[in-house]
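Before any comments, here is the structure.
The values are calculated or read from the model by the stated rules, or taken from the named source; none is laboratory data. From a predicted model like this one, the values you see are computed outputs, not experimental measurements. Note that we place each Cβ from the backbone using ideal geometry, even for glycine, and neighbour counts take in every protein chain shown. Note: areas computed on protein heavy atoms with side chains; ligands, DNA, RNA excluded. Shrake-Rupley method; radii C 1.70, N 1.55, O 1.52, S 1.80 Å.
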Amino acid sequence: MNAQAQINLEINQEETKITWEDILNELPKTTSLYYVDYRDSFDENHKEIQDSIQSGSFEPLDNIINDWDDFESIDYFIDELKRDLNKNFDEEDIEEAIETYKDEIEQILRERDDSTPFKDLCRNTSDIVMFYDTGYEVDGDSWCWGEAKLRLQRYLIKKHLGIVSTTMYDQRIEAMLQNASYGGQLVVYFHGDIETLIPAKGQFNTLRFRNAHIAVIDTYGGSGADCHLNKSEFTLPFNAERIFVDKTIKYNYTFSVCGMSSNWCAETDMILENTDQEQKELPISDLAAIQARDKAFAAKWDNGKGECSFGDMDITRHRNTLYINDYPCGNKCTSCGTFWID
């Protein structure tokens with residue numbers, strides 16, 4: 001307790017019949033001010049989870065809990081205190097003492113709080129589908145590739161992942177490439193534990209994947225294909241900015257494109273490591289750039305003016321859109337000129 005609080009206590013001590021020691025003796029040794037129901041979780045807070053992982057800070061998720069208040073719990077413990085004091089003191093004196101020492105009582109109750117709402121919410125949170133952007137981009141138009149280009153792309157993917165020495169995945173990777181006909185980013189899908197991943201930034205430099213589910217995804221147009229590299233093992237440099245919660249992507253592969261259940265990539269083991277080995281440099285993540293651009297579009301739209309941006313393909317952030325029936329058909333924003341072709 002700070003010096004000013006101690007002075008206040010000494011002054012209050014002279015003004016009430018019930019002393020601070022009397023109150024302190026009746027206060028519980030521990031309190032639990034926050035109750036987390038088994039149905040409460042971070043399941044709907046995908047953006048905050050991703051921001052926490054990529055920033056390496058719990059703050060975006062902590063802000064959700066900071067909106068909670070403990071007034072109801074404080075009132076409960078004060079009512080309990082009144083009942084305990086009522087055994088030895090008059091009701092009028094109790095009310096006077098509670099009012100006099102109210103700030104000090106609340107401070108003690110909060111200092112003795114042993115509830116862990118963040119850990120409880122994490123524990124209740126369902127498995128979260130995430131992916132790691134490897135930085136490798138696959139060309140589109142695979143429907144017209146010849147055998148030579150298909151083999152080359154397969155080899156380049158295996159080289160990028162460090163699994164060139166085996167041929168057991170060749171047919172699966174080729175099938176994935178042929179089905180991901182619009183191309184896109186090569187990513188690794190896994191289930192992420194937020195309590196482990198959020199503080200990982202700056203502590204680890206390597207990701208080890210085993211039994212990996214990989215995919216080529218086009219998050220701009222909404223397409224892709226995947227394959228399971230069972231019994232595989234490879235490492236990639238750990239970069240928190242390359243980890244994405246799938247549901248934060250507008251055309252996410254798992255739910256929007258394929259409508260898969262969230263356990264489809266549960267076999268992938270993702271292990272954080274810190275090694276002395278030199279890390280290979282990955283190409284810049286286009287997904288990170290896309291996400292940053294989308295945030296800029298959203299910020300411009302949400303600044304109170306509802307101002308749209310040329311190139312923003314989220315039609316909900318445009319007011320003046322009309323359908324053009326002439327070739328090429330599609331919607332056009334008359335304010336900024338953005339066009340969505342059919």
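Quick notes
- Paramagnetic reach from Gln171 (point 7 Å along Cα→Cβ, amide N under 20 Å) across region 177-201: 177-180
- With Cα atoms, 0 to 90° folded angle of helix 147-161 axis to the chain main axis: 30 degrees
- The spacing between region 315-339 and region 165-241, judged by their C-alpha centroids, is 36 Å.
- For region 172-253: rounded, prolate or oblate by the Cα gyration tensor [a/c cutoff 1.5]: oblate
- Rolling a 1.4 Å probe over the protein heavy atoms gives region 56-208 an accessible area of 52 Å² per residue.
- Anisotropy class of region 151-215 from Cα gyration tensor, a/c 1.5 cut: prolate
- Three-way shape label, region 289-342, alpha-carbon gyration tensor, a/c 1.5: oblate
- Note on the chain: with charges restricted to the Cβ of Lys and Arg (+1) and Asp and Glu (-1), its dipole about the Cα centre is near 3140 debye.
- Rounded to the nearest 20 debye, the dipole magnitude of region 111-263 is 420 debye, with +1 charges on Lys and Arg beta carbons, -1 on Asp and Glu beta carbons, and the Cα centre as origin.
- Heavy-atom accessible area per residue - region 295-339, 1.4 Å, Å²: 65 Å²
- Rounded to 10°, Cα long-axis angle of helix 102-111 versus longest principal axis of the chain: 50 degrees
- For the pair Glu111 and Asp127, the difference between a 0.36 nm per residue extended length and the Cα-Cα distance amounts to 2.5 nm.
- For the chain, built as a Gaussian network whose Cα springs stay under 10 Å, the top-fluctuating residue of Gly192, Gly162, Gly146: Gly146
- Distance histogram in 5 Å bins (all Cα pairs of region 94-148, percent per bin): 4, 11, 9, 8, 9, 7, 7, 7, 7, 6, 5, 4, 4, 4, 3, 3, 2, 1
- Thr235 - accessible surface, heavy atoms, 1.4 Å probe, Å² rounded to 10: 50 Å²
- Rounded to the nearest 20 debye, dipole of region 197-286 from Cβ charges on Lys, Arg, Asp, Glu: 220 debye
- Histogram of C-alpha separations across the chain, 10 Å bin width, %: 5, 19, 22, 18, 14, 10, 8, 4, 1, 0
- Subtracting the Cα-Cα distance of Ser32 and Ile315 from 0.36 nm times their residue separation leaves 97.2 nm of extension gain.
- Sum of -39500 (n - 2.57) over DSSP H runs of 4+, divided by residues of the chain (222 nm, nearest 500): -11000 deg cm²/dmol
- The accessible surface of the chain, taken with every protein chain in place and a 1.4 Å probe, is 46 percent carbon and sulfur.
- In the context of the full protein assembly, Trp145 retains an accessible surface of approximately 40 Å², using a probe radius of 1.4 Å and ignoring ligands and nucleic acids.
- Computed from Cα atoms, the angle from the helix 170-179 axis to the main principal axis of the chain rounds to 90 degrees.
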